[in-house]
Amino acid sequence: MIRNDEAIAWREVPHGWRQLWGDFDRLGVALQWHDFRTERPLDWGLSFRPRSLEFCLNVAGRGAVADEPLRASRQARDHHQFVTVEFSNRRLQEQLADCEADLDPQMRAAIFPKKESSIVSSARPMTAEQHQVVASLLTPPVSKPAQSLWYQSKALELMSHFLFTPKDPEFFCMRHKRVARDRVERTKELLARDLANPPTLEMLGRDVGCSPFYLSRSFSREVGLTIPQYLRKLRMERAAELLRSGRYNVTEAATEVGYASLSHFSKAFCETIGCCPVLYPMAKNVIDR
């Protein structure tokens, strides 16, 4: 069920959020997906419930949460995409009573408070595994009748990720970097497989197991180029190979790497290779001599 104050919090973006699963009052947990743009800063602090613990799992857009008074803002003109996971303290206390001592100190203070107060945890980047869980929430890989059970398992999985202190933070950091590198290499393979009909960013994200936004950021960090820039580089290098072979003219080479416009191809080729495609074989021979 949607509360009035929650509806008020999102009144400026009424179509920008939806319930994925749960019922806070009945089950003690609720998962929601948010996807919107706003022309002015948005304060969504009214959506917070008393005696609850809420996680904001950010995919895109910038925001902040502050206490005293408790406020949550989203910056204007950003494209915001994030999941909120809300647990009631009562549910968490029942499930975690036997492992209170093992909880992250901030989480323990929020779940088992000595006095009622607002606690805002410091922001931290999600790991590759956490990004993968968030991405999966939008497209459950099970049939409709099984989705309730599946979402329950995801809620428990997220609890295990965020409520406990990692055994070895450095190990998780190293693994995070390795997984990111593996995803970038897989993305390169997928792009090179069919230069004329490359996969979309959404398709790439699904294939490598993370959100498009996270993949774009990881790829740029690892490669030094955005995915579109890298794809153009691959296409132009392949076109240059075809022209050097002498078996393709400029139009055929452009078509082979996915360009329908000869002018767009020529411009991209000049910027990447350093000369016009019509002159490229001759310029290459001059340089080689």
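The values are calculated or read from the model by the stated rules, or taken from the named source; none is laboratory data. Quantities reported herein were computed from a predicted structural model and do not represent experimental measurements. Glycine also receives a Cβ, built like all others from the backbone with ideal geometry; neighbour counts cover every protein chain displayed. For accessibility, only protein heavy atoms count, side chains too; no ligands or nucleic acids. Shrake-Rupley method; radii C 1.70, N 1.55, O 1.52, S 1.80 Å.
Criterion applied to ALA101, ALA76, ALA64 was being more than 25 Å from TYR151 (Cα to Cα) and in a strand (DSSP E or B), and the one residue passing it is ALA64.
Identify all residues within segment 144-166 that are of a type in the set (A, V, I, L, M) and either touching a residue at least 24 places away in the same chain (Cβ under 8 Å) or open to solvent by less than 60 Å² (accessible area, probe 1.4 Å) (or both); write none if there are none.
Looking only at segment 144-166, we keep the residues that are of a type in the set (A, V, I, L, M), and these are 146, 149, 155-156, 158-159, 163.
Of everything in segment 144-166, those that are of a type in the set (A, V, I, L, M) and either touching a residue at least 24 places away in the same chain (Cβ under 8 Å) or open to solvent by less than 60 Å² (accessible area, probe 1.4 Å) (or both) turn out to be ALA146, ALA155, LEU158, MET159, LEU163.
Taken over segment 11-33, the residue count meeting the criterion of being outside any strand (DSSP E or B) and either charged (D, E, K, R) or within 22 Å of the chain's Cα centre (by Cα) (or both) is 7.
Report yes if some residue within segment 44-51 is under 26 Å from PHE213 (Cα atoms), of a type outside the set (Phe, Trp, Tyr) and part of a strand (DSSP E or B); otherwise report no. Looking for residues that are under 26 Å from PHE213 (Cα atoms), of a type outside the set (Phe, Trp, Tyr) and part of a strand (DSSP E or B), one finds none in segment 44-51, hence no.
Could you grab the pairs with beta carbons closer than 7 Å, sequence gap of 6+ or different chains, first residue in segment 209-226 and closer than 17 Å to GLU129 by Cβ and of a type in the set (Ser, Thr, Tyr), second one in a helix (DSSP H, G or I) and open to solvent by less than 10 Å² (accessible area, probe 1.4 Å)? Pairs that qualify, where the first residue is closer than 17 Å to GLU129 by Cβ and of a type in the set (Ser, Thr, Tyr) and the partner is in a helix (DSSP H, G or I) and open to solvent by less than 10 Å² (accessible area, probe 1.4 Å), are SER211/HIS131; SER211/VAL134; SER211/GLY205; TYR214/HIS131; SER218/ALA180; SER218/VAL184. Across segment 262-281, the qualifying residues are those that are of a type in the set (A, V, I, L, M) and surrounded by 16 or more Cβ atoms within 10 Å (Cβ to Cβ), and the one among them that is nearest to the chain's Cα centre (by Cα) is ALA268.
Restricting to segment 204-226, give me the number of residues that are among the hydrophobic types (A, V, I, L, M, F, W, C) and touching a Pro at 6+ places or on another chain (Cβ under 9 Å).
Quick first cut of segment 204-226, residues among the hydrophobic types (A, V, I, L, M, F, W, C) only: 204, 208, 210, 213, 215, 219, 223, 225.
Next, only the ones that are touching a Pro at 6+ places or on another chain (Cβ under 9 Å) stay: 204.
Count: 1.
The set of residues in segment 80-116 being open to solvent by 70 Å² or more (accessible area, probe 1.4 Å) and of a type in the set (A, V, I, L, M, F, W, C) consists of ALA101 alone. Given the criteria within 30 Å of GLY209 (Cβ to Cβ), aliphatic (A, V, I, L, M) and part of a strand (DSSP E or B), does ALA135 qualify? It is false that ALA135 is within 30 Å of GLY209 (Cβ to Cβ), aliphatic (A, V, I, L, M) and part of a strand (DSSP E or B).
Within segment 198-216, none of the residues are among the aromatic types (Phe, Trp, Tyr), crowded, with 17+ Cβ neighbours inside 10 Å, touching a helix residue (DSSP H, G or I) at 6+ places or on another chain (Cβ under 7 Å) and at pLDDT 95 or above.
Number of residues in segment 117-142 that are farther than 13 Å from VAL59 by Cα and open to solvent by less than 70 Å² (accessible area, probe 1.4 Å): the value is 6. Selection within segment 34-79: residues that are open to solvent by 20 Å² or more (accessible area, probe 1.4 Å), under 20 Å from the mean Cα position of the chain (by Cα) and polar (S, T, N, Q). The member of this set that is nearest to SER122 (Cα to Cα) is ASN58. Among residues of segment 174-185 that are within 14 Å of PRO125 (Cα to Cα), those with a beta-carbon under 6 Å from a residue that is open to solvent by less than 30 Å² (accessible area, probe 1.4 Å) and at pLDDT 80 or above at least six positions away or on a different chain give the pairs ALA180/SER218.
Would you check if there is a residue in segment 251-261 being over 30 Å from PRO141 (Cα atoms), over 34 Å from the mean Cα position of the chain (by Cα) and buried (at least 16 other Cβ atoms within 10 Å of the Cβ)? Yes, there is a match, as at least one residue in segment 251-261 is over 30 Å from PRO141 (Cα atoms), over 34 Å from the mean Cα position of the chain (by Cα) and buried (at least 16 other Cβ atoms within 10 Å of the Cβ).
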